[in-house]
1. Kindly put T264, T378 in sequence by how many other C-beta atoms sit within 10 Å of each C-beta, fewest to most.
2. Please identify every one of the trypsin sites (Lys or Arg not before Pro) in the stretch 264-355 that sits in a loop by DSSP and has no more than 16 other beta carbons within 10 Å of its own beta carbon.
3. Arranged from highest to lowest average of other beta-carbon atoms within 10 Å per residue, in what order do the peptides 182-190, 220-228, 442-450 appear?
4. On a C-alpha basis, how far is the centre of the stretch 248-279 from the centre of the stretch 324-357 in Å? Whole number, if you could?
5. Name the long-range amide H neighbours of I358: under 5 Å, sequence gap of 5 or more, or other chain; modelled H, no Pro or chain starts.
6. What order do you get for H161, H407 when you list them from fewest to most C-beta neighbours inside 10 Å?
7. Please identify the GluC sites (Glu not before Pro) of the stretch 286-388 that satisfy two criteria: DSSP loop assignment and at most 13 other Cβ atoms within 10 Å. Which are they?
8. Kirkwood Rh over alpha-carbon pairs of the stretch 230-386, then Stokes-Einstein at 4 °C and 1.567 mPa s: what D in µm² s⁻¹, rounded to an integer?
Amino acid sequence: MNTPQLHFNLYAEGSIGGWVEQNRCVRGADAQSGADQDHDCHQPGLHARGIPGFRDLLPFNRVAGLRGVANVRHIDFPDDDRQRLKACCGAGKATFITPNHPEFFTDWMIDKEIVSQVSPLAASWATHGVVNGLGRIMQKFWLANNLIAQIPGNSGAAKEHSIAWALKGHGVLLHPEGGVGWHGSVVGPLLPGAVEMGFEALKRGRATDQDFKVWIAPVVWKLAFTKNVEPALAQECAYIGKSLKIECRAADTLPERVHHIYATLLSRDEIACGMAPDERASYATRQTQLLLELSRRLGDGISVDPGASEIAELLRRSRRWLREGNGDAERQKQIRSLADTIQRLQRVGAWASANPRITQEEIAEHLKRIRNDYCKGTLRDTVNRFVPQPAGPRCAHIRVPEPLGLHAYPDSIDDALAELHSRMQAAVTTTVAELEAAGSFIFYPNPFYHR
């Protein structure tokens, strides 16, 4: 088959993959100096890490292709983790690889780095806007790399292809968190697609082999800057403030500026909803009150009974309502606007205010989320949405929790999904703790935090 063979060739030749020399991977005590620290890990290909010499030299380090498109200088992927993943891939079994989804574009680069090591013919899911929405040339490129377009409300063909491909032993990769949330230390709620397809593959495999096994193979990765990037973060924060017409307060620290931008945007949403902003209340409290009011209006708009008050269920019903073409054009516009606003507000989750300290990595995630959700209309912001540029060089720390054998969870989708989430979050939490102990993070007081 030509398509998977092309996929294999592209990465077997090391355009993104291909391990090189080893270095040390900690910012360490010199983090505040801004020096790029060496790392105890492997280096990815030039597309990810850039061209040595040019990548740190002005003005060349402003060019993504020279700096590295994702500016991932090093990849820390321990051999034990790689072998654990490799052991559950291949002929005679079906495997669904489920990475976390903390960042857009970099996810594809790292996912390909991973599957090139363990399952080169693996198919990968992506949103239909990426596979089909960037023109015919890009569509041909993505399909040649064995990407599967996820089409909302019409995923039957994609699921059928994925199950058949996994049963051939090639593997299928998809992100159970769905869209990117820009929260690298927290695994969001998981969608059941991978587990559902896994159980169907198990049913088909057991029809001819009672010992056939299906694995859900979780993978998590955490990005950490390799030097102090506060100046670059401050520059991006200033750009966002100017773009959104929000004045920066000179006395504010960097995280306080980010909080001020989010608080101002929240005030605008409150005013648009007819609510008076209470600047004395915490961001989380105000956000909760606004979400309740918007959800009430959305429920009224689609005539949902009071028992279906959970926001996630309400959003699912609203999407179905829109797909079915209910209501007139004006009402559909109102429902779509309410649903979009609720989804956008929910992207700042409870995790944002859970800890008294915030890292540069978390500040960077806030800034990218704001740019993705609010900064639109210019070529610069459009490019940033599809290929977001990080504030500085980074190391990707990849870990593989124990794979989940679906044969141990007979037809219990909820139990399998809960266990998958537990293993992924535990691996992320452990990785973050190890990096913190090694001095890999720079911390600030967190202005979102409240007791």
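Only the coordinates and a few stated rules stand behind these numbers; no lab work does. On a predicted model such as this, the values are computed, not experimentally measured, just so you know. As a convention, Cβ positions derive from the backbone with ideal geometry for all residues, glycine included, and neighbour counts pool all protein chains shown.
1. Ascending number of Cβ neighbours within 10 Å: T378, T264.
2. Numbers: sites: R268, R280, R286, R296, R297, R316, R317, R319, R320, R323, R331, K333, R336, R344, R347; in loops: R280, R347.
Listed in order of number, the matching sites are R280.
3. Values: 182-190: 20.8, 220-228: 24.0, 442-450: 16.9.
Per-residue Cβ counts within 10 Å, averaged per peptide and sorted highest first, yield 220-228, 182-190, 442-450.
4. Here the answer is 18 Å between Cα centres.
5. Excluding prolines and chain starts, which carry no amide H, the hits are Y444, N446.
6. On the way: H161 13, H407 16.
Fewest to most other Cβ atoms nearby, the residues stand as H161, H407.
7. Details: sites: E293, E310, E313, E324, E330, E361, E362, E365; in loops: E310, E324.
Filter output for the stretch 286-388: E310, E324.
8. Calculated translational D: 75 µm²/s.
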